[in-house]
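Here, each number is a calculation from the coordinates, and none is a lab measurement. These numbers were taken from a predicted model, which means no experiment stands behind them. Cβ atoms come from the backbone with ideal geometry, glycine included; neighbour counts cover every protein chain shown.
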Amino acid sequence: MAADTPERFDPLGLLAAIQRRHASFIFIGALARVTRGSDELTNGVDITPWMRPTTLANLELALADVNARRADGRPLALDNEEPVIELQTDFGELKIVPQPAGTRGYEDLRRAATYEHLGRGVRPHIASVGDLIRMAGALGRDHDRDLVIVNQLRKIAELERELGIGLEL
């Protein structure tokens, strides 16, 4: 394997490292959709951090703990205005997305996010199904793929409604 390619994908290890440093974030992206019930495949973790200075300082400590480095080789800085920061870590790929498509960022996503136990003591704040639908629909990448994801998430939302789990769509 190349030196910058992780040997394994360990999303729980990555999320645990961030949690240990008390960096507030919302878990988003494909793996968050999988935790909500979609059947996608992914090899990375996407998060939206709270962009306040204390959280960013804690996140920088966590990134050092997991040997995070930018995929493009540039110096790592969290306080700039980049829409997505792509990192490689000892636990796999991590994308930091301060303001995901279709949202206003952490504060917007926090209102409907829930804490979920994923195992090994990892309990991240995960974006709601409604917010995951909103983000997937706003991405504007591969229309057919995004439409499949949105329809799948809508079915999950309907099942949650039938089970009495409150959702905000």
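Computed quantities for the displayed model
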quantity	calculated
Cβ-placed point charges (K, R +1; D, E -1), dipole of the range 11-160 about Cα centre in debye, nearest 20	340 debye
Counting DSSP beta bridges with both ends in the chain, the antiparallel % (nearest 5)	70 percent
Which of GLY92, HIS22, ALA138, positive extreme of dipole for the chain (C-beta unit charges)	HIS22
Dmax and Rg, reported as Rg then Dmax, of the range 11-160 (C-alpha, Å)	14.6, 44
J(HN,Hα) series, the range 74-87, from Karplus relation 6.51 cos²θ - 1.76 cosθ + 1.60, nearest Hz, glycine and proline x	6, x, 7, 9, 8, 8, 8, 9, 5, x, 8, 10, 9, 10
GluC sites (Glu not before Pro) restricted to DSSP loop in the range 71-169 with at most 12 other C-beta within 10 Å	GLU81, GLU168
Percentage, to the nearest whole number, of Cα pairs in the range 110-157 over 12 Å apart	65 percent
For the range 35-41, 3J(HN,Hα) per residue [Karplus equation, 6.51 cos²θ - 1.76 cosθ + 1.60, θ = phi - 60°, Hz, x = Gly/Pro]	5, 8, x, 6, 10, 7, 10
